[in-house]
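Everything below concerns the one structure shown next.
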Amino acid sequence: MKLAVSPLADALPQIAALRDKLAWLSDGLDARSLLWISGYAAGLAAARPAAELDGAAAAVDASASPALSILYGSQTGNAKRAAEKLHDQALQAGIAARLLRLDQYAAKDLQNERAVWLVLSTQGDGDPSDDARRFVEVLASKRAPQLPSLRYAVLGLGDSSYPKFCEVARQVDERLAELGAKRWLARGEADVDIVSVSEPWAEQALQIARAELAAAPGAGTVTTLRSRSAAGSWHRDQPFAAEVIANQRITGRTSSKDIRHIELSLADSGLTYEPGDALGVWPENSDAAISAVIAATGLDAGTTVQVGERSRPLSEWLRHEREIGKLSRPFLLRLAERSGHPDLQHLLAPEQRSALSQYLSSHRVLDVLAAHPTEWDAAALIGALGPLAPRLYSIASSRKHVDDEVHLTVANIGWHDHGHDHRGVASDWLATRTADQDKVRVYVEPNTRFRLPADPASDLIMIGPGTGVAPFRAFVQERAAIGASGRNWLFFGNPHFSSDFLYQVEWQEALRRGQLHALDLAFSRDQANKIYVQHRLREKGRELYAWLQQGARLYVCGDASQMAGDVHQALLDVIAAERGRGREEAESYLSELDAGQRYLRDVY
């Protein structure tokens, strides 16, 4: 929802003050509910005196369409934040701008735009974010409009450890040019250290826009309603220190997995969240990891390093602010420059993109420091390492059930490779936090694309193997708390029934109470032939399709690299078999569910 606030704000100054309340009211509502609210508000306005209505209408007429639309597709929130920052900068520069998520925007509407900036993240093997998927598909099809009057610029966000780095941004950028649009500036391609690319790109984009759009006639500013969590005191750059209430292993002693149920207190924070949201966690690198990096570089942990106006010991930079686990292309490039090692230089050649991707995914920072020893000074090491980023975890609780708490389901991962022991940076840090002693810096990352339906009578089909079950624990808690009449069906999988059945007692109790209506389990290694959730989907195909035909919403959460694709293929198989009209028609059916926000995914 957008509000024109200038010059309308001069006539109705209370709009600015009410913006956060309106955001709270509208957050998570579907289109029908929003239309009802708009109609209700229009009815209230109609009861006002005619003179008051005339004044308001004149103010609205004076505010013309925005000169610039900023569109974004975001999976984990990075592209969303970059787009919001661009939007704020555009408004400050006097440019009439609006901000829209791509699932709220039709590709055909590009033909009505004067200027567009697109901020697009790429997932996995060159895939668009879920909220941009339909836009990208339509833009690539024959249905895309010709765009001779459009001026545009594209900022891509990605991870160069994948072969198809910023692939979605590249495809959209080239397709817009094919359709006749004018490219304002070269495509930006930001790696994991986003600001090093996004900030200079934004500066160029704003310079062009100021020259061509700022003085556009009738340009009123348009601002975006912020979600209630974004409007609060705590956010990504100012996290809340949440006390650890509980840290419990919920896999058995014989399990190969160490999965933790973690409870944190949000008391006195003012933070709120909805089922489907994620919790951002700022981790710290472990003593063991820091010591290993110090030993591999031969540096003194106490050496003072200055970055900008900030000075702190090397060990503290490594603990709180630098990524010393996951290996990135920028760090490997700096290492190759310093060491001059021919193997690294060969690996970084453009034609070795696939080999580089495999190398980055199989090696950590410590591995390459040990394999390619070279001289470092402390400042150079800190400059080469990327920033430590927060990790996002699907929230596994409903506030209506747990009050001022937030629960997480975390897989603590560890492995031995290339002669070194490795641990997951955030998962191991969380797993070693002690209840009633430690605190964790957190913030809420809203995920409005993965919400419960507004209608409590809607049925849910939830597919969440492993830790992907986390948001569905929140869904079932929430639906029980509000007395929702819709049915809940959960598909869950893990290796073994006896040691890996996460929240077993809770699911059994929910079945007994009628809060969970169907539970299908896939324990892959309890029999000779491996059985996964996609096999259970095919087995239950007829019933599954019947639920979909009756209006059920379909949710998938978990691993994007394999599970999500396997589940998608199984769904296509079920739909094709039940409808009897072939694969292409099944794909169209799923696309319609996606467009209607009835096929929702939170995959990572």
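No value in this document is a laboratory result; all are computed from the given coordinates. All values reported here derive from a predicted model rather than from experimental measurement. Positions of Cβ are backbone-derived with ideal geometry, glycine not excepted, and every protein chain shown enters the neighbour counts.
Between S485 and H416, the modelled label-to-label distance comes to 5.9 nm, taking each label 7 Å out from Cα in the direction of the beta carbon.
Near I290, once Lys and Arg are set to +1 and Asp and Glu to -1 for all other residues with Cβ below 11 Å from its Cβ, the sum equals -1. Among 481-489, 521-529, the peptide with the highest mean count of other Cβ atoms within 10 Å heads the list, and the full ranking is 481-489, 521-529.
At an R0 of 60 angstrom, the distance between the Cβ atoms of R433 and R581 translates into a FRET efficiency of 0.70.
Derived value for the range 64-224: Kirkwood hydrodynamic radius 15.4 Å. Basis is the mean of 1/r over every pair of different alpha-carbon atoms. Over 25 Å apart at the Cα level, from the set K80/K326; K85/K400; K257/K326, are K85/K400. With contacts taken as Cα pairs under 8 Å at a separation of at least 6 residues, the chain carries a relative contact order of 13 percent. Our summary gives the range 287-384 a relative contact order of 38 percent, counting only alpha carbon pairs under 8 angstrom and 6 or more residues apart. For the chain, the antiparallel share of DSSP beta bridges with both residues in that region comes to about 50%. Stretched out straight at 0.36 nm per residue, the stretch from L333 to R312 would grow longer than its current Cα-Cα span by 5.0 nm. Taking a straight Cα-Cα cut-off under 13 Å and skipping sequence neighbours fewer than 8 places away in the same chain, the aspartates and glutamates within cross-link reach of K108 are E137. Radius of gyration over Kirkwood radius for the chain, both on Cα atoms: the Rg/Rh ratio is 0.97. Note on the range 287-384: percent of Cα-Cα distances in each 5 Å bin, starting at 0 and stopping at the bin with the largest distance, equals 2, 13, 25, 24, 18, 10, 6, 2, 0. Note on R253 and D455: the model spin-label points, each 7 Å out from Cα along the C-beta direction, lie 5.1 nm apart. How would you classify the range 474-587 from its alpha-carbon gyration tensor, with a ≥ b ≥ c the square roots of the eigenvalues: rounded for a/c under 1.5, else prolate if a/b is greater than b/c, otherwise oblate? Oblate shape, in that a/c is at least 1.5 and b/c is the bigger or equal ratio.
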